[in-house]
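So the structure is just underneath, and the comments pick up after that.
We did not get these values from a lab; they are worked out from the coordinates using the rules stated. Note that this is a predicted model, so its numbers are computed, not measured. All Cβ positions, glycine included, derive from the backbone under ideal geometry; neighbour counts span all protein chains shown.
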Amino acid sequence: MKNGSFILVLAALIAAAFTLGGCVTMSAPPPLATFGGPETVPAGQSEAGLAVGTGFSLFPSGHDGGDAWFGRWRQGLGDRFDLGLDVMGLRYSDKGSLTLKLAGRYGLDPHWRLEAGIGTADDSNGRSLNAELGITLGTVGAEKPWNYYTSLRFAGAHGFPGGFFGSGDSAPPDDAMVLGAIGASGRISDNERFIIEGGYGLSVVDGQGGNNPGQLVYLGTGLQFFIGKNP
């Protein structure tokens, strides 16, 4: 690994990805980090990513913060479509969560991308099935020092009792959320990018009252790698 890349890996240990608070019990959503601009991976190539980060939630009945790590793999299946996995581990208060999703991305044009995913999570409060829809808009240019993007995501989760981390017979409450993000992608080399991203969203949790949604904030950074890309 190049020295510059090694320094950025160390910097990535300071912040990235996404976390949810612990004072309000809720079903864990899928990983919701956008982590890069609107491009899709070309057929025969792959994208990998690794990030860490911090965030907090603020609900009328309580708030909390935590940290997370995030991993990604995407495989290009066509000129405009790719498919892959996102995985995220969360730590908040004395609890933890592991959430995974299968996601597909379709490029409407070079600057717009649609995304959809389904997933599952195992949390200290119980298990969940979840899903998301998203759209990403951004600048494109492989030779530019920096590109910028923004995204909007809608997600929901349905809770079940038990699980590897969870205990007890009760299921965590269902929830729905909307999350907006802005980010920047810095060029390290032809096959490496430095990502910094922040987001803000609202979450409605069953039983918490729809008129007083919770607020979600995150900030993170990490590295994105393109595999099989011609230099």
Report task. With a point put 7 Å past each Cα toward its Cβ, work out how far Ile182 is from Ala116 in nm, to one decimal. Result -> 3.0
Query raised in the report: Which GluC sites (Glu not before Pro) in the stretch 105-164 pass both tests, a DSSP loop state and at most 13 other beta-carbon atoms within 10 Å?
Result: Glu143
Query raised in the report: Which percent, nearest 5, of DSSP beta bridges in the stretch 65-128 are antiparallel?
Result: 100
**Report entry** Phi to ³J(HN,Hα) by Karplus 6.51 cos²θ - 1.76 cosθ + 1.60 over the stretch 148-154, Hz, x for Gly, Pro
**Finding:** 10, 8, 9, 8, 9, 10, 10
Query raised in the report: By average Cβ neighbour count within 10 Å, what is the ranking of 193-199, 221-227, 30-36, 106-112 from highest down?
Result: 30-36, 193-199, 221-227, 106-112
Query - the stretch 83-176 shape via C-alpha gyration tensor axes, a/c threshold 1.5 - result: prolate
**Report entry** Whole-Hz couplings from phi, Karplus 6.51/-1.76/1.60, listed for the stretch 32-41; x for Gly and Pro
**Finding:** 10, 5, 6, 6, x, x, x, 5, 9, 7
Query raised in the report: Spin-label point model (7 Å from Cα, Cβ direction): what's the Ser189 to Phe154 distance in nm?
Result: 4.2
Requested in this report: Determine the shape class of the stretch 23-98: with a ≥ b ≥ c the square roots of the Cα gyration tensor eigenvalues, call it rounded for a/c under 1.5, and otherwise prolate if a/b is greater than b/c, oblate otherwise.
Outcome: prolate
**Report entry** Ala43-Leu77 pseudo-label distance in nm [points 7 Å out on the Cα-to-Cβ vector]
**Finding:** 1.3
